[in-house]
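Colleague: To start, I am sharing the structure in question, which I have written as structure tokens.
The values are calculated or read from the model by the stated rules, or taken from the named source; none is laboratory data. Since the model is a prediction, treat every value here as computed from it, not as a measurement. Neighbour counts run over all protein chains shown; Cβ positions are idealised from the backbone, glycine included.
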Amino acid sequence: MTGPIAARRMGRRLTAPFERGADTLPLGLSLFTSSQASVDTYDFTDHTARFDAAPQPRYVLATARDIDVDTTVRLDYDEPGAPSGFTVVTVPAGSVAGTSFLLEAPVSATARLTLLTMGTAPFDNRPELCWTLTVLLGNTAKLLWAVGAERDQLRGHAVRTFAQRHLPSAAGLSLDLIGHDLGVPRFPPQPYGFDAETVALYHLGDAAGAVPPVADLTAGFPGRAGFPGELAGTVQLGVAGRYGQAMGFREPGAAVRIRTTAAFDIGAEDGFTVECFVRPDPDADGPVLSRRPAPDGDGPGWVLRVGRFDGLDRNVRFVISDGTTVIDLCAEVSLPTDRFTHLAAGFDRLTGHVSLFVDGVVKDFRFRFPLGAVVTTADLLIGAAGGGFRGVVDEVRISSTARADFSPALGEDDEHYRRRLALFRRWTLPTPANLAAVLNELAGPIGSDPEAEGTLVVDDTNATLVRGTRLVHIRPKVLLPGESIDAAGRRGVAEATVVGSAAEEDTFDPALLLRYDNEDVDFDPPPVRALEPGERPPDPHLVQIGVAQCLDRLFALAGAATAPPGRLLISSAYDPRAADLRATGRAVLLGHSSLPLGRLAALAHRAGFDFVAFRAGAGRVYAATAPGDYFAIELTPAGTGPTDLDVGATATLSLRPAPPVDAFLRWLVVPADGGGRATLTPAGNPGSPHRTASLEATAAGRLIVKVDVVRGRHTVSATRSLRVGLTGLAEGGKITADGTTGVDSSVVDRPEAFFDPAFLADHDDPRVDYGSDAAHKVQPAVAELLDALLAELARRGTGGRLSVSLPSPVTPASRQGRQLLLRHSVLTPSGLAGPAFAVGFGHLEHQGTDLVVTQAPGQLVQVRGPEGIERGAVIELEEGDTVDLTAKPTTAALHDAGVTGQVPGAGPRLGWASGTFDNAAITLTSTTQPTSTLHAGSAGTAWVQAGYLVGGEPTPYTFRVRPRADLDTPATVITKDRFDLIMNILNVLHPVGVEVDTAAIRAHVVELQGDLSQVNPDFTYPKFRVRGPLPRQARGPADG
């Protein structure tokens, strides 16, 4: 509190007649020493001059800060003609800023305060900022202080209480309550870890026969040899300790002796701290820790002991001496015997205090001066050592710095906890940059430079995943009575959600239906009924064109399913009174003379019906299609190969079914991406129905033909995509797969694509002449296109042989197996361009006697199966089928080729993966073996993938947290508590589905080397935020 006390504020509001009695005078304070402030010179002449009366002073001391420990304040004053005097005020711990105390003396108008002395120096050595002094000069001012002092105190409490609502100013149990609201409790107390100021650290959990008998944890750190201890007398090992196991000292000679070393000496200006946990027996009376020639004698050294002092059993005492000056501190507390208590003693150069702590609270202190260096040749002793101490000791630490914060041994401190809660209270987009910023902000710098920035790096550069993927279509083997399935393989889906309803089809016209006639298909007679005026009769022959196309495929599938083939039955099709899609001709009821209905339903699904149901009650299979075009555009003559017609060819376009006689047709060509072009001429004179059209192809590539059928006020459309083939390529001509001409082959390059020659496939076909061994090595996609080219040449009846060679000089694309020179013994390069364009090579160029073909980078890993599905095709399976899959190249081949993987010295490891869409289900018997068996579960579409991770970087969906490159050396140490904080941050912020690789961080945490049991403590990696009862409203010493 920096404002005036309430008496002064209230006095300012009084009117003139009351000013004399309400007058006050604030006094100034100036720094004198670390615990003393001088009172600035003052007098009362202004009061006397204004009111012509002598003052009647009383002095008020008020706190300007919250007081955490019991504090005594001495105020010295001078009285003219009399000896100097002083008065002492005891300020209890917990007094808030604004609490005021009336001084008993002085009360004379001639006395003057001169000096304020604190019994305990403040943490910043600024006593003048801790207090205010005010002189009450009249009786009204004294009355106002009497009625307003509690207001000042309550105001301080209010300020402090309101501050607890906000994270930056909350402390102690208030922080715990904020953490409870967030479901984030404090970290529990943990054993100490190593830091640079730790001279020696003994967990005292050593087992019998261990070497050394008592280990110093610092020995595991770079550049440290440690100071191991030896057992003397009968020391109890494996006793239950504060953390795990500890050592018991219950015999007079029991001790741990650590040989003397200069590292334990304390320089004249050096900070130091000695500490441990102790659980004394009821009769304990002796040294716990000591380094003195005789713990109970004189001489340089120090002793931390428990015994009977000042009338208290198990009181704590710390004595330190340089051989001349002795400092003796006493805690004035009696230690409990049923739990561990933390004891510490140390010197802080900033305050000049030698302090004694019990459970982290200062219980006594002295100024160190004139104590000098504490140097002795005595050994460091833990335990009785011939004294009367009896009890258990755990977690002994000797430090070369003053410590006042004993976390994590006493639990997570407020500042550490506050930083974690700040993380949980805000949402942070987990980008690598944001993660790195949060880690460096909350976990602080690592390494020896406390001002260093960016010491932790988040690296999301992943190893290259080289993979190959195949789609898997799983077909139903049979449908059960009452079961339905949609095109995606989902069973039990409502029909309306898949294919809609008849009521939604507002463009339907019965005149647009196709009459399906097939002499090998049976039709039930339509039901006999009395027709309403204008009602069309039901007809099992009438269907929409999409249904007719599915029926054609079903007829072929059903015919191949039995020997001899049975007959397909269409029981019902268009029926205007049907409650389903038969009302618009988009559904049929089916039967079969020899196939079970469940199997027929499965075949109907395979034939392309979008919804199939086994209607057991009707003894029929119901099959429907989704809304589509009412007409199919047919080409005469029809194309028989990969293209529909070639450049220069003319074809007639017509509709199936034939449009109504009163319909008018509008034909048009819509160019697609690329170079496909054609001229369309409708048949008939202008104004005629144009029932057909003539299409003349003028440029190779893809195009779309569209027709609008107008009947009355309704218009329906139909489209068809056509691919125009190439008939020749002039010298120097260039063309891409979509028909774009005159562009360089670089349009199919992808510079970012990974390539390694070890992944090239070996194409070896007896129909091909290869110009060199290197011409056999091509990318898998190129190998598939070469096979397709050979098949297309055979389909066209072209004799002769194909020659394959590499360009000279070698180009980047040919080095990657994506560019070849093709020749043919019968065809010219221009003639060979036609079939090469038809099968889909990405880029063609006519160079002299060669046709240069270039393909875009494709999958480098091949997923191979049995004969017939090993290349290119989707893997077609039925529910319950299995198939063995292999990957090419193999792991052994890649290793032999020198391709590196995640494990140094080994090649990339094969990994199998799979996934499904909708309700499809597949399983793989292995994710790492060369051969993995795929089991087809439920129907639908799935995929299977074989992949190799190339290089030593993190795997995909993984990022690595590591020290900055210049800090990633054995000399850099990360403490265990800081590691826990880093991991807690990563647990909160890492993106869902992303793995965090912290191996580079763990390598710098000595406690984790050879013992990974502490890598994953529950308090650091909560599986969910902790919800439960409110935290305790009071914290005991055992809680930290």
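Colleague: Within the stretch 96-138, track down each residue that is surrounded by 21 or more Cβ atoms within 10 Å (Cβ to Cβ), under 50 Å from the mean Cα position of the chain (by Cα) and either over 14 Å from residue 31 (Cα atoms) or basic (Lys, Arg) (or both).
Modeller: Hits for the stretch 96-138 are 97, 98, 99.
Colleague: For the stretch 295-335, what are the residues that are farther than 15 Å from residue 371 by Cβ, outside any strand (DSSP E or B), touching a residue at least 12 places away in the same chain (Cβ under 8 Å) and out of contact with any Asp or Glu (no Cβ under 7 Å at 6 or more places or on another chain)?
Modeller: Those that are farther than 15 Å from residue 371 by Cβ, outside any strand (DSSP E or B), touching a residue at least 12 places away in the same chain (Cβ under 8 Å) and out of contact with any Asp or Glu (no Cβ under 7 Å at 6 or more places or on another chain): 295, 296, 333, 335.
Colleague: Which residue pairs have Cβ atoms under 7 Å apart, sit 6 or more places apart or on different chains, and have a first residue in the stretch 872-886 that is farther than 12 Å from residue 933 by Cα and a second that is buried (at least 17 other Cβ atoms within 10 Å of the Cβ) and acidic (Asp, Glu)?
Modeller: Matching pairs, first to second residue: 872/784.
Colleague: Scan 682, 637 and give me the residue that is under 30 Å from residue 787 (Cα atoms) and modelled with pLDDT under 95.
Modeller: 637
Colleague: Still on this structure, I have one more. Would you list the strands (runs of 3 or more DSSP E) that sit entirely within the stretch 74-184 and hold 3 or more residues that are closer than 17 Å to residue 37 by Cα and in contact with a strand residue (DSSP E or B) (Cβ under 6 Å, 6 or more places away or on another chain)?
Modeller: 82-91, 112-118, 131-136
Colleague: Of all strands (runs of 3 or more DSSP E) completely enclosed by the stretch 518-616, which ones contain at least 3 residues that are out of contact with any Ser or Thr (no Cβ under 6 Å at 6 or more places or on another chain) and surrounded by 23 or more Cβ atoms within 10 Å (Cβ to Cβ)?
Modeller: 587-592, 611-615
Colleague: Quick check: anything in the stretch 687-695 among the basic types (Lys, Arg) and either on the phi > 0 side of the Ramachandran plot or outside any strand (DSSP E or B) (or both)?
Modeller: yes
Colleague: Which of (1) buried (at least 19 other Cβ atoms within 10 Å of the Cβ); (2) within 15 Å of residue 273 (Cβ to Cβ) is the odd one out, the single condition residue 350 does not satisfy?
Modeller: Only one criterion is unmet by residue 350, namely (1).
Colleague: Here is a list: 818, 909. Which entry is in contact (Cβ under 8 Å) with a residue 40 or more places away in the chain and not assigned by TED's automatic domain parsing to the domain that holds residue 752?
Modeller: Only one candidate qualifies: 909.
Colleague: Sticking with this structure for a sec: With respect to the numbered conditions (1) closer than 30 Å to residue 369 by Cα; (2) in contact (Cβ under 8 Å) with a residue 12 or more places away in the chain, which one is the sole condition not fulfilled by residue 24?
Modeller: (1)
Colleague: While we're here: Would you mind finding the one in 17, 92 that is closer than 26 Å to residue 353 by Cβ and surrounded by fewer than 13 Cβ atoms within 10 Å (Cβ to Cβ)?
Modeller: 92
Colleague: For the stretch 362-390, how many residues meet the condition of being in a strand (DSSP E or B), modelled with pLDDT of 90 or more and farther than 21 Å from residue 285 by Cα?
Modeller: The qualifying residues number 1.
Colleague: Additional query: Here are some conditions: (1) at pLDDT 90 or above; (2) in the same structural domain as residue 264 (by TED's automatic domain parsing); (3) out of contact with any Gly (no Cβ under 7 Å at 6 or more places or on another chain); (4) of a type outside the set (Val, Ile, Thr). Residue 403 meets all but one. Which one does it not meet?
Modeller: (3)
Colleague: Follow-up question, since we're still on this one. Out of the residues in the stretch 284-330 that are in contact with a strand residue (DSSP E or B) (Cβ under 9 Å, 6 or more places away or on another chain) and among the hydroxyl-bearing types (Ser, Thr, Tyr), state the one that is surrounded by the most Cβ atoms within 10 Å (Cβ to Cβ).
Modeller: The selected residue is 290.
Colleague: For residue 841, work out the one condition from (1) over 27 Å from residue 645 (Cα atoms); (2) out of contact with any Asp or Glu (no Cβ under 7 Å at 6 or more places or on another chain); (3) at pLDDT 95 or above; (4) not charged (D, E, K, R) it doesn't fulfil.
Modeller: (1)
Colleague: Take the residues in the stretch 404-423 that are more than 15 Å from residue 174 (Cα to Cα) and crowded, with 17+ Cβ neighbours inside 10 Å, then tell me which one is nearest to the chain's Cα centre (by Cα).
Modeller: This residue is 423.
Colleague: Residues that are surrounded by fewer than 19 Cβ atoms within 10 Å (Cβ to Cβ) and under 29 Å from the mean Cα position of the chain (by Cα): which strands (runs of 3 or more DSSP E) entirely in the stretch 450-495 hold 1 or more of them?
Modeller: Result: 456-459, 464-475.
Colleague: Step by step: first the residues of the stretch 601-622, then only those that are under 30 Å from residue 665 (Cβ atoms) and not acidic (Asp, Glu), then the one that is farthest from the chain's Cα centre (by Cα). Which residue is that?
Modeller: Per the stated criteria, the residue is 607.
Colleague: Follow-up. Tell me, which residue of the stretch 647-663 that is surrounded by fewer than 16 Cβ atoms within 10 Å (Cβ to Cβ) and closer than 16 Å to residue 719 by Cα is nearest to the chain's Cα centre (by Cα)?
Modeller: Across the stretch 647-663, the extreme among qualifying residues is 656.
Colleague: Need at least 2 residues that are under 26 Å from residue 702 (Cβ atoms) per element, so show me which strands (runs of 3 or more DSSP E) inside the stretch 795-878 make the cut, counting only ones lying wholly within it.
Modeller: 819-824, 843-847, 850-854
Colleague: For the stretch 1-71, please list each of the helices (runs of 4 or more DSSP H) lying entirely inside it that holds at least 2 residues being among the β-branched types (Val, Ile, Thr).
Modeller: Once the helices (runs of 4 or more DSSP H) in the stretch 1-71 are filtered for at least 2 residues that are among the β-branched types (Val, Ile, Thr), what remains is 45-51.
Colleague: Follow-up. Hey, does the stretch 403-419 have a residue that's in a strand (DSSP E or B), among the basic types (Lys, Arg) and farther than 23 Å from residue 961 by Cβ?
Modeller: No, the conditions are met nowhere in the stretch 403-419.
Colleague: Take the stretch 617-646 and flag every residue that is surrounded by 20 or more Cβ atoms within 10 Å (Cβ to Cβ) and in a loop (DSSP other than H, G, I, E, B).
Modeller: 625, 630, 631, 643, 644
Colleague: For the stretch 158-181, does any single residue satisfy the condition of being surrounded by 20 or more Cβ atoms within 10 Å (Cβ to Cβ) and out of contact with any helix residue (DSSP H, G or I) (no Cβ under 9 Å at 6 or more places or on another chain)?
Modeller: The answer is no; no qualifying residue exists.
Colleague: Tell me which residues, restricted to the stretch 233-261, are assigned to a strand (DSSP E or B) and surrounded by fewer than 20 Cβ atoms within 10 Å (Cβ to Cβ).
Modeller: Within the stretch 233-261, 236, 237, 238, 239, 240, 245, 257 meet the criteria.
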